[in-house]
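Worksheet: one structure, shown below.
Read the figures in this text as sums done on the coordinates, not as results from a lab. None of the values given here were measured: they were computed from a predicted structure. Here Cβ is always computed from backbone atoms with ideal geometry, including for glycine, and neighbour counts include all displayed protein chains.
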Amino acid sequence: MTDNALALFIHRTRASWGPLSSDLVASCRLHLERLAKAHAAEPWLAALHEDAPASRELYRDAEHGFVLQAHTEQAGLYRPPHDHGRGWVIYALQRGEIAMSTYARVETGAGIQLVKRDETLLRAGQAQLFLPGDIHDTRCVAGPALLFRFTERDLKQEDQVARRVTRYVERNGAWTVGT
């Protein structure tokens, strides 16, 4: 069951799973950081490096619903501000560098706008957590980057069916709710 880093990640995550709590996200983050430090010679990871998929599902838990995906991103790829609805996500970088900024959603006389809170440069072996409603963007600054994205639920379902994911667009130099 635990003959490689991916199987060990799955085993440990399933064993620690429960309702959203500080302990759960800390545990999942630690497991994902360990996965990001896996030896590149492990066959599953070597295949990701070789194939360099834009997106590949590595695991979907039928009982708990969490999903682990791998994404290969080229330098310069930018994903504008968005949230993950009711879901929470942990990104972990296996190689490359990705800048992740967070934003606060504020109401102004002109409507809803985003105010940039901070930016973190994620390097190999590091992980970043975003809780439900957290607004963030990502920009690959050194690639190709291999990014693991762990979500506690199927975000395609959250986005396309429940319509809970919010994306933002830049208008006249300010980030506002997309339509």
note = Of the residues in the stretch 139-155, those that are closer than 21 Å to TYR59 by Cβ and assigned to a strand (DSSP E or B) come to ALA145, LEU146, LEU147, PHE148, ARG149, PHE150, THR151
ask   = Hey, among the residues in the stretch 40-75 that are polar (S, T, N, Q) and either within 14 Å of the chain's Cα centre (by Cα) or in a helix (DSSP H, G or I) (or both), which one's surrounded by the most Cβ atoms within 10 Å (Cβ to Cβ)?
value = THR72
note = Scanning the stretch 101-122 residue by residue, those farther than 30 Å from PRO19 by Cα, in contact (Cβ under 8 Å) with a residue 60 or more places away in the chain and not small (Gly, Ala, Ser) turn out to be ILE112, GLN113
inquiry  = Any residue at all in the stretch 102-109 that's surrounded by 15 or more Cβ atoms within 10 Å (Cβ to Cβ) and touching a His at 6+ places or on another chain (Cβ under 9 Å)?
reply    = yes
query = Between residues in the stretch 33-59 that are without any contact (Cβ under 8 Å) to a residue 24 or more places away in the chain and on the phi < 0 side of the Ramachandran plot and residues that are outside any helix (DSSP H, G or I) and loosely packed, with under 13 Cβ neighbours inside 10 Å, which pairs lie under 7 Å by C-beta distance while being six or more apart or on different chains?
reply = ALA46/ALA40
query = Applying the selection to the stretch 76-102, what residues are of a type outside the set (A, V, I, L, M, F, W, C), over 21 Å from GLU170 (Cα atoms) and part of a strand (DSSP E or B)?
reply = TYR91, GLN94, ARG95, GLY96, GLU97
task = Hey, can you tell me all the residues within the stretch 2-25 that are surrounded by 16 or more Cβ atoms within 10 Å (Cβ to Cβ), free of Cβ contacts under 8 Å to residues at least 40 places away in the same chain and more than 14 Å from GLU42 (Cβ to Cβ)?
result = ARG12, LEU24
ask   = Does LEU30 qualify as being surrounded by 12 or more Cβ atoms within 10 Å (Cβ to Cβ), over 23 Å from LEU131 (Cβ atoms) and not hydroxyl-bearing (Ser, Thr, Tyr)?
value = no
inquiry  = Of everything in the stretch 103-129, what is among the hydrophobic types (A, V, I, L, M, F, W, C), within 29 Å of LEU30 (Cα to Cα) and in a strand (DSSP E or B)? Give them in sequence order.
reply    = ALA104, LEU121, LEU122, ALA127, LEU129
task = Consider only pairs whose beta carbons are under 6 Å apart and that are at least six residues apart or on different chains; among these, list those whose first residue lies in the stretch 123-138 and is free of Cβ contacts under 8 Å to residues at least 60 places away in the same chain and surrounded by 18 or more Cβ atoms within 10 Å (Cβ to Cβ) and whose second residue is in a strand (DSSP E or B) and β-branched (Val, Ile, Thr).
result = PHE130/VAL89; HIS136/THR102
